[in-house]
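First the structure, in the form of C-alpha cells, and then the observations on it.
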Amino acid sequence: MSDLFDKDLDSAASPAARRESGRSHDPYAALRHRDFRLFLANSVAATIGGEMQSVAVGWELYERTSSKLALAFVGLVQALPVLLLALPAGLVADRFSRKKVVLATAAAITCGSIGLAAVSWLHAPVAWFYVFLAIIGIAGAFSFPARWAFMPELVPGEDFHNAVTWRSSAWQVAAMVGPGLGGLGIALFKTATPVYLADAACGVVVCAMIASIRSRPAVNKKSDPMTWDTFAAGFRFVWSSPLVLAAITLDMFAVLLGGATALLPVFAKDILHIGPTGLGLLRAAPSLGALSTALYMAHRPPLQRAGRDLLLAVTGFGVATIVFGLSRDPILSFAMLVLTGVFDNISVVIRSTLIQLRTPDAMRGRVASVNSIFIGMSNEVGSFESGSAAWLIGTVPAVVLGGIGCIVVVILTAIKWPEIVRLGPLDKLGEETDRVVIPDIPCTPLEIEGHR
C-alpha cells in the first residue's frame, strides 16, 4: 500500500500529469516524492538538535567564563575544519555514495553531542567543549557537500526549486523550535546537560531516517585521478560562473558582516535582560520570519526577478540588523530578528536554486564544498568576527557597523557583477547556463553546458 501511495504521488508530481490536470503550479510537488520526505524529516530532526545544542553551548560557556572571546572561539573551532577539509570533503561526496557519507557524518556528530553532555555533567575544563565542537565541525565539513549534492538526486529538476523552498521551510521550523526548546530545557533543569542528550537522541533519529532512504544507482562516481585539478575543480567552476560566484560572494560577506547571532547571549543577559528563555526566543525569531516567507513562496509561483529580489533581500537584512543593534526594547529586537529571517530566506532560496541547478551532477560535491567554505566563513568565522569586534569596540557598535557593511556589500556586488541584477525567473535558472567549458576538470563539456 505504501509503495502504491508513493507511485501515485510521483505520478501526480510529473510535469505531464500537471499539464493534463490544468495546474500550472503545484505547491506540494517536491513533497510527493517519498525519499525527499525522508530527507526533509531527517533534516528537521538534525536542525532541532543542533539548534538546541547551539543555545546550550553559548549559554553555558558565557555563564562559566563571562567572556565574549569564549563565544567567538565557538565559531572559529567549527569554521576551521570547513576551511581546511572542504576540498577533500567535496571530492568524497563526488566519488562515494552520498547517502553513506551523510549517514557516517550524522553518527559522528551524535558522538560529539554525547561528548558535550559528558563535559557539562562532569563540569570538565572549558577546553573540552572546543575539542568536541571540533569533532562535530570535522563531521559537518564532510556532511555539508554530501547533503547538498544528495538532494538533487531525490526530486526531478522541474520540482527542484519547490524542494529548495520546502527544505528551507522545514529548516526554519526546526531552527525556530530548536532554540526555544534549548532555552526552555536550560531553564527547567538548571543545567545544559539534558539539552546535549536531547541533541544526541535527535542524531539517532537522523541516522535511522537516512538509512531508510532507498538506495539509488551511483551517478557519476568515477575513479578520477587524485590530482590538484580534481581537487580544485569546484573552485574553477565557480570562478568561471559569474552568477554563481556573485551569489556566493554576496551571501558570504553579508552574513559575515551582518550576522549578530553569536552575540545573542550578550544581548539576552546584559542588554535586554531576558535570561535563557528570552535567548531561546531571540534565536527562534529569524526562523519565524523565514518560515512565514518560505510557506508564502511555496504557495506562490516562482519569483520572476530573482536577481533584483536577491539584492533587495540582502539590503533589508542589513537594515534590520542595524535596528536590532540599536534597540533596547525586547519586542522591537524580536521583530527585527524576525525580519532578518524573512530577508535571509529569500536569499537562501534564490542562491540554493541557482547554484544547484547550474552545477552538473558529477561536480555537485566539489561545488558544494566551495559553497561550504563561503558559508563557513559567513557563519562560523562571522561568529568569531562578531565576538572579536564586540570585545574590541563594544557589542552595539559591532552589530550596527556590521549591518552597514552588509549594505555596502550589496552595492559593490551589483557594480562588480551587473548580470546578477538581470537574473530572471527562479524556475528558469537551470535552463540558461553560463556556458563555460573548464579544461582539465573531470567532467565533460557536455555535462557542464547541457546540464538541467
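Has segment 106-123 got any residue that is modelled with pLDDT of 90 or more, touching a Lys or Arg at 6+ places or on another chain (Cβ under 8 Å), assigned to a helix (DSSP H, G or I) and buried (at least 23 other Cβ atoms within 10 Å of the Cβ)? Don't jump to the end; show me each part of the working.
Keep residues of segment 106-123 that are modelled with pLDDT of 90 or more, which gives 106-123.
The next check asks that each one be touching a Lys or Arg at 6+ places or on another chain (Cβ under 8 Å); those that pass are none.
Within segment 106-123, not a single residue is modelled with pLDDT of 90 or more, touching a Lys or Arg at 6+ places or on another chain (Cβ under 8 Å), assigned to a helix (DSSP H, G or I) and buried (at least 23 other Cβ atoms within 10 Å of the Cβ).
Looking at Gly405, Gly341, which is the one that is part of a helix (DSSP H, G or I), touching a Pro at 6+ places or on another chain (Cβ under 6 Å), modelled with pLDDT of 80 or more and not hydroxyl-bearing (Ser, Thr, Tyr)? Lay out the reasoning, then the answer.
Working: Gly405 fails: touching a Pro at 6+ places or on another chain (Cβ under 6 Å).
Sole residue among the options that is part of a helix (DSSP H, G or I), touching a Pro at 6+ places or on another chain (Cβ under 6 Å), modelled with pLDDT of 80 or more and not hydroxyl-bearing (Ser, Thr, Tyr): Gly341.
Exactly one residue out of Thr315, Thr353 is at pLDDT 90 or above and assigned to a helix (DSSP H, G or I): that is Thr315. Checking each residue in segment 33-45 for being of a type outside the set (A, V, I, L, M) and crowded, with 21+ Cβ neighbours inside 10 Å picks out Phe36, Phe39, Asn42.
Within segment 319-332, track down each residue that is touching a Ser or Thr at 6+ places or on another chain (Cβ under 9 Å) and part of a helix (DSSP H, G or I). Within segment 319-332, Ala320, Thr321, Val323, Phe324, Gly325 qualify.
For segment 157-216, taking the residues that are of a type in the set (S, T, N, Q) and farther than 29 Å from Leu339 by Cα, the one that is surrounded by the fewest Cβ atoms within 10 Å (Cβ to Cβ) is identified as Ser215. Filtered by the rule that a residue be modelled with pLDDT of 85 or more, in a helix (DSSP H, G or I) and not basic (Lys, Arg), segment 90-105 gives Val92, Val101, Val102, Leu103, Ala104, Thr105. Can you tell me how many residues in segment 107-127 are farther than 15 Å from Val74 by Cβ and in contact with a Ser or Thr (Cβ under 6 Å, 6 or more places away or on another chain)? Going through segment 107-127 one residue at a time, the tally reaches 2.
Being part of a helix (DSSP H, G or I), more than 16 Å from the chain's Cα centre (by Cα) and small (Gly, Ala, Ser) is the filter; apply it to segment 124-145 and report the residue that is surrounded by the fewest Cβ atoms within 10 Å (Cβ to Cβ). Only one residue fits best here, namely Ala127.
Among the residues making up segment 298-310, a single one is within 19 Å of the chain's Cα centre (by Cα) and surrounded by fewer than 24 Cβ atoms within 10 Å (Cβ to Cβ): Ala298. When each of Ala29, Ala13, Ala41 is tested for being closer than 30 Å to Met297 by Cα and at pLDDT 90 or above, the lone residue that passes is Ala41.
Could you please tell me which pairs satisfy a Cβ distance under 6 Å, a separation of 6+ or placement on different chains, a first residue in segment 27-45 that is farther than 18 Å from Val204 by Cα, and a second residue that is among the aliphatic types (A, V, I, L, M) and surrounded by fewer than 18 Cβ atoms within 10 Å (Cβ to Cβ)? As it stands, the answer is Arg32/Leu9; Arg32/Ala12, since those pairs meet every condition given. The criterion of being in contact with a Pro (Cβ under 8 Å, 6 or more places away or on another chain) and at pLDDT 85 or above holds for Ala187.
Among the candidates Gln53, Gln78, which residue alone is of a type in the set (S, T, N, Q), modelled with pLDDT under 90 and closer than 24 Å to Ser287 by Cβ?
Residue meeting the stated conditions: Gln78.
Evaluate the following for Arg435: is it of a type in the set (Lys, Arg), on the phi > 0 side of the Ramachandran plot and modelled with pLDDT under 80? It is true that Arg435 is of a type in the set (Lys, Arg), on the phi > 0 side of the Ramachandran plot and modelled with pLDDT under 80.
In this structure, does Met151 turn out to be in contact with a Phe, Trp or Tyr (Cβ under 8 Å, 6 or more places away or on another chain), part of a helix (DSSP H, G or I) and not polar (S, T, N, Q)?
On the way: in contact with a Phe, Trp or Tyr (Cβ under 8 Å, 6 or more places away or on another chain): yes; part of a helix (DSSP H, G or I): yes; not polar (S, T, N, Q): yes.
Yes, satisfied.
Applying the condition of being more than 15 Å from the chain's Cα centre (by Cα), among the small types (Gly, Ala, Ser) and closer than 19 Å to Ala335 by Cα to segment 246-283 and asking which residue is surrounded by the fewest Cβ atoms within 10 Å (Cβ to Cβ) yields Gly275.
The values are calculated or read from the model by the stated rules, or taken from the named source; none is laboratory data. Here the structure is a predicted model, which is why all the values come from computation and not from measurement. Neighbour counts run over all protein chains shown; Cβ positions are idealised from the backbone, glycine included.
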